[in-house]
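Peer 1: Here's a structure for you.
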Amino acid sequence: MAEETTVRQSFAARYRNFLLGALAVVLFFAAWQAVFLWVPFNPLFITKPSLIAAGYVDLIESGELFHDLAVSSVPFFLGLGAAVIIGVPLGILMGWRPRVGYALDPLMTIFYASPLVALAPLLVIFFGVGVWGKSIIVFTLSVFPFIFNAYAGVHAVDRLLINVVRSLGGGEWALYRKVIFPSVLPYIVAASRVAVGRALIAVLVGEFFAASEGIGFAISRFGDIFAMDRMFGCILTVMVIAVILTEGIRWAERAAFPWRVGR
Amino acid sequence: MTGYIQGRNVGLTFRPPNRAPVRALGGFDIEVEEGEFLSIVGPSGCGKSTFLSILLGLIHPDSGEVLMHGRRISGPGSDRAMVFQEFGLLPWRTVQHNIELGLELKKVPKEKRRAAAARLVSLVGLTGFEAHYPHELSGGMKQRVGLARALATDPEVLLMDEPFAALDAQTRDLMQVELLRIWREAKKTVLFVTHQIDEAIYLSDRVMVMSKRPGRAKRIFAIKLPRPREYEMRVTPEFNDLKLEIWNTLKDEIAA
Amino acid sequence: MAETQTLQTPVVAARDRAEESDAPARSLWRRMEPWAFGLGSIVVLLLVWQFLPSFVPMKAGTKLFFTVPSHIAGTLWRMFATGSVWAPLGVSATAFAIGLGLAIAAGLPLGILLGRSTVLNAMFDPFITAFNATPRLVFLPLLMLWFGIGLWSKVAIVFLGALFPLLINTYEGVRNSDKLLINVVRSFGANEWDIARLVVLPNSLPFIIVGLRLAIGRAILGVVVAEFFGAQDGLGVIMVRAASGFRVDVVFAGLIIFAGLSLLMTGLVQLLEKRMSRWRPDHANAG
Ligand SMILES: Nc1ncnc2c1ncn2[C@@H]1O[C@H](COP(=O)(O)OP(=O)(O)OP(=O)(O)O)[C@@H](O)[C@H]1O
Ligand SMILES: [Mg+2]
């Protein structure tokens, strides 16, 4: 009986939420386009989807957009990579060696709780807004989620598993490889979702300051010259990238660690 | 004379999303007199709670009709109140405020609510627990709060869904006596769902046995024991014969 | 921090157990150990930082960038002693308060609405997902065009930052509401507004509090960043100016003030949470 009913459910019923969402998005853009039939259109303050689309074609054909994205992505990945490489081992060490944990926990908590983005002007002055300066801002903002999640992940390691591996004659390294890394991994993936958001903020902050290329720079420059269509094009691009990154990680979490779904 | 509450050919199918539909009631008929005490027994999952929810006006049948005073029930009303099977107490409200809930929604002034709640608290034997939160009560105490809450709005019809299931045997006996007293004095109509045949016979004017799902009225037993009921009546041969007969009617539905 | 005290990794736990026989003094030490290490590391860090210039020779250029804790503390003290901090702090706090207030005023009702209506929820979902994933900072240049440089563009960025954590958490709380309780109040004649007031809101409160904590963090971030780029007044402005004038001590002082505010607000929310959760089963134990 169960199969019968699932089969009989129509396409519309099964994808109802998706269809409603898609409909809302289409309606939104249509309304945006249509509203200027009644409302006076001032291209210095607002734009409309048709103009955004036209401007977008320009951005792509001139190669500007890809260039800016490429420029921004380098510090984004460098900073994030460094955050993983430093944050994860540090977090694991803090969890695994209680004294290291005792020593660093309050300090890290203080850092994590402060709005570190406030250090950005300083970092910019120290390191400039080239690749390295931006990478360092990205690293500063995104390392703490990794530290804390790895730390929490080690605490969540099942003691029984440790004893099992020990009793089978596993040494310290085997413990790390067979028990600790697998247990900590879901926490690190979850951390990366938070870290990606912070890394995007970091790139934008760096580029708003004084950069001469990059997607953040493009947005603020198009704003300065009142090129609303291309400004919106860049903003929408950042939104799409952000959604792909976070939803992609979420999807990976569900696929790779189904037992953790619902946390 | 038309019945006070009438259900004719009531049918209801639950259609949970992405799961197979469940036909909870089908062709269910019932007639309740004003002031009557009617018990309903039936196998688990046969639609007893569902029927009470329909009477309460929370859900609507998809076939047939349920009338009260000859009018179709279209939604909740202050002439009916339910004692819920799973208590349904608001966890963030104290005993007192849980009891006041219905009165609050009827916009009864604060003083009157206080007074009514105080009276009911002592009626259900919870004096001293007015300021406790539900998680600080035992199952039986929670159930008594639920009873007090239903009584607070002084409904004509009391719908009781296994109200004594969480009580210990002694409290249960006491509450049964108490319920009979309230019923007699306040002249309420009671629909009482239970799994205990003893309890059904002891309390009721009539006992309805329902079939397994989709639930129908299988047979109705009139209980001719004199009133007021006495505890000793439970050990009379008459009582035991009835009990056996009802059990035999019910047994087929459970076994099958 | 409580966690570090209770959770011990098994290896060490086993090692400790083996030594358990000797002296009760050790158990006192074990209780003090986390505190000793935690404070110790902070003190060591501060000392090293303070005396670094005496050990490591620095070029004149580097010295310009360098400051020591005592200097920062002195600057912080002077900012409060002379009262020069209050005006910019007030400007920042105004933007913070208005933005957060608007976010609460909009986020809670919207969250409840979306939680109660599956159709609206499905329709809003793509927008919420998109805005929540995107760093709100990306809208700053646009908001500066629309609202001008000053209070309202700051308010707008704070609002956008704080809105989504509040909205999403409220929504989750509403979705999590007990169907039975809703039926109970409906059976007593409650309308949608009564249901929201009597069941949905109290049930969502723990979720909303979590949302509020996140929102406070985002709001402070919003104020800081907005003041870096789109303001002429406020603590953030002071910090940027200080940075470009190589007044590193002022930058750190500003950071400390912002961090203090963030901790203060989070603490207040925690207090609120404690007061409002008396009915929760775990409350008694959590004390
Ligand atoms: N909201 C619902 N959605 C889907 N199915 C439901 C719902 N409520 C009840 N049902 C189904 O309807 C049937 C009847 O349920 P109901 O609660 O009325 O049984 P009951 O007779 O009260 O049982 P019990 O004696 O165990 O309380 C059950 O099979 C149940 O699974
Ligand atoms: Mg039931």
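The values are calculated or read from the model by the stated rules, or taken from the named source; none is laboratory data. Because the structure is a prediction, the values reported are computed rather than measured. With ideal geometry, Cβ positions are generated from the backbone for all residues, glycine too; neighbour counts draw on all protein chains shown. Side chains included, ligands, DNA and RNA excluded: accessible areas come from the protein's heavy atoms. Shrake-Rupley method; radii C 1.70, N 1.55, O 1.52, S 1.80 Å.
Peer 1: Exactly one of (1) crowded, with 18+ Cβ neighbours inside 10 Å; (2) more than 10 Å from chain C (Cβ to nearest Cβ); (3) without any contact (Cβ under 8 Å) to a residue 40 or more places away in the chain is unmet by A:Trp251. Its number?
Peer 2: All conditions pass for A:Trp251, except number (1).
Peer 1: Follow-up. For segment B:59-85, name all the residues that are within 15 Å of the chain's Cα centre (by Cα), more than 9 Å from ligand 2 (Cβ to nearest atom) and surrounded by fewer than 21 Cβ atoms within 10 Å (Cβ to Cβ). Give the derivation first.
Peer 2: Just the residues of segment B:59-85 that are within 15 Å of the chain's Cα centre (by Cα), to begin with: B:79-85.
With more than 9 Å from ligand 2 (Cβ to nearest atom) added as a condition, the list becomes B:79-84.
Scanning segment B:59-85 gives a single hit, B:Asp79.
Peer 1: Additional query: If a residue has to be under 15 Å from the mean Cα position of the chain (by Cα) and open to solvent by less than 20 Å² (accessible area, probe 1.4 Å) to count, how many in segment A:81-103 make the cut?
Peer 2: The total comes to 1.
Peer 1: Give me the pairs: first residue in segment B:155-167 and hydrophobic (A, V, I, L, M, F, W, C), second residue within 11 Å of ligand 2 (Cβ to nearest atom) and open to solvent by less than 20 Å² (accessible area, probe 1.4 Å), beta-carbon distance under 6 Å, and six or more apart or on different chains, which are they?
Peer 2: Qualifying pairs under 6 Å: B:Leu159/B:Leu52.
Peer 1: While we're looking at this one, here's another question. Please enumerate the residues belonging to segment C:77-96 that are buried (at least 19 other Cβ atoms within 10 Å of the Cβ) and polar (S, T, N, Q). Give the derivation first.
Peer 2: From segment C:77-96, those buried (at least 19 other Cβ atoms within 10 Å of the Cβ) are C:79, C:88-89, C:91-92, C:95-96; that's our starting set.
C:Ser92 - this is the single residue of segment C:77-96 that is buried (at least 19 other Cβ atoms within 10 Å of the Cβ) and polar (S, T, N, Q).
Peer 1: Also: Among the numbered criteria (1) in contact (Cβ under 8 Å) with a residue 40 or more places away in the chain; (2) away from ligand 2 (no atom under 13 Å from the Cβ); (3) more than 18 Å from B:Phe192 (Cβ to Cβ), which single criterion is violated by B:Asn18?
Peer 2: Evaluating B:Asn18 over (1) in contact (Cβ under 8 Å) with a residue 40 or more places away in the chain; (2) away from ligand 2 (no atom under 13 Å from the Cβ); (3) more than 18 Å from B:Phe192 (Cβ to Cβ) leaves (1) as the failure.
Peer 1: For A:Leu175, work out the one condition from (1) in contact with a Lys or Arg (Cβ under 8 Å, 6 or more places away or on another chain); (2) closer than 27 Å to C:Val138 by Cα it doesn't fulfil.
Peer 2: Going through (1) in contact with a Lys or Arg (Cβ under 8 Å, 6 or more places away or on another chain); (2) closer than 27 Å to C:Val138 by Cα one by one, A:Leu175 breaks only (2).
Peer 1: Between B:Ile182, B:Ile220, which is more than 16 Å from ligand 2 (Cβ to nearest atom), free of Cβ contacts under 8 Å to residues at least 24 places away in the same chain and aliphatic (A, V, I, L, M)? Lay out the reasoning, then the answer.
Peer 2: Details: B:Ile182 fails: free of Cβ contacts under 8 Å to residues at least 24 places away in the same chain.
Residue meeting the stated conditions: B:Ile220.
Peer 1: Right, another one. Just one of (1) within 24 Å of A:Gly233 (Cβ to Cβ); (2) buried (at least 18 other Cβ atoms within 10 Å of the Cβ) trips up C:Ala130, so point out which.
Peer 2: For C:Ala130, the exception is condition (2).
Peer 1: How many of the residues in segment B:31-53 are open to solvent by less than 10 Å² (accessible area, probe 1.4 Å) and away from ligand 2 (no atom under 13 Å from the Cβ)?
Peer 2: So the count comes out to 4.
Peer 1: Exactly one of these conditions fails for B:Leu158: (1) in contact with a helix residue (DSSP H, G or I) (Cβ under 9 Å, 6 or more places away or on another chain); (2) more than 16 Å from B:Ala148 (Cβ to Cβ); (3) open to solvent by less than 30 Å² (accessible area, probe 1.4 Å). Give me its number.
Peer 2: (2)
Residue by residue, here is whether (1) open to solvent by 30 Å² or more (accessible area, probe 1.4 Å); (2) in the same structural domain as B:Ala117 (by TED's automatic domain parsing); (3) within 18 Å of B:Cys46 (Cβ to Cβ) holds:
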{"residue": "B:Phe192", "(1), (2), (3)": "no, no, yes"}
{"residue": "B:Leu203", "(1), (2), (3)": "no, no, no"}
{"residue": "B:Val207", "(1), (2), (3)": "no, no, yes"}
{"residue": "B:Val235", "(1), (2), (3)": "yes, no, no"}
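Peer 1: Now for a different question. What is the one condition in (1) more than 16 Å from ligand 1 (Cβ to nearest atom); (2) within 14 Å of chain C (Cβ to nearest Cβ) that B:Pro228 does not satisfy?
Peer 2: The single condition B:Pro228 does not satisfy is (2).
Peer 1: Can you pull out the residues in segment A:195-211 that are among the small types (Gly, Ala, Ser) and at the interface with another protein chain (Cβ under 8 Å from one of its Cβ atoms)? Quick ask: steps written out before the conclusion?
Peer 2: Pass one, segment A:195-211, residues among the small types (Gly, Ala, Ser): A:195, A:197, A:199, A:202, A:206, A:210-211.
Matches in segment A:195-211: A:Gly197 only.
Peer 1: B:Gly102 is checked against (1) within 30 Å of B:Ala116 (Cα to Cα); (2) within 15 Å of ligand 1 (Cβ to nearest atom) and fails just one. What number does that condition carry?
Peer 2: Here B:Gly102 clears every test but (2).
Peer 1: Condition (residue is assigned by TED's automatic domain parsing to the domain that holds C:Asp125, surrounded by 23 or more Cβ atoms within 10 Å (Cβ to Cβ) and more than 28 Å from B:Asp79 (Cβ to Cβ)) applied to segment C:196-204: is it met by at least one residue?
Peer 2: Checked segment C:196-204: at least one residue is assigned by TED's automatic domain parsing to the domain that holds C:Asp125, surrounded by 23 or more Cβ atoms within 10 Å (Cβ to Cβ) and more than 28 Å from B:Asp79 (Cβ to Cβ).
Peer 1: Residue under question is C:Met144, and the condition is that it be farther than 19 Å from C:Ala87 by Cα and within 12 Å of another protein chain (Cβ to nearest Cβ); does it hold? Let's see the steps before the verdict.
Peer 2: Working: farther than 19 Å from C:Ala87 by Cα: yes; within 12 Å of another protein chain (Cβ to nearest Cβ): yes.
Considered against the rule, which asks whether it is farther than 19 Å from C:Ala87 by Cα and within 12 Å of another protein chain (Cβ to nearest Cβ), C:Met144 comes out as yes.
Peer 1: Continuing with this model, one more query. Which one of the conditions (1) of a type outside the set (Asp, Glu); (2) without any contact (Cβ under 8 Å) to a residue 12 or more places away in the chain; (3) more than 22 Å from C:Val240 (Cβ to Cβ) does C:Leu52 fail to meet, given that it meets all the rest?
Peer 2: Of (1) of a type outside the set (Asp, Glu); (2) without any contact (Cβ under 8 Å) to a residue 12 or more places away in the chain; (3) more than 22 Å from C:Val240 (Cβ to Cβ), only one is false for C:Leu52: (2).
Peer 1: Another question, if that's okay. Just checking, how many residues over segment B:161-185 are surrounded by fewer than 18 Cβ atoms within 10 Å (Cβ to Cβ) and in contact with a His (Cβ under 8 Å, 6 or more places away or on another chain)?
Peer 2: Final tally of qualifying residues: 1.
Peer 1: Tell me which of these A:Ile219 doesn't satisfy, since it passes every other one: (1) assigned to a helix (DSSP H, G or I); (2) out of contact with any Cys (no Cβ under 6 Å at 6 or more places or on another chain).
Peer 2: Only one criterion is unmet by A:Ile219, namely (2).
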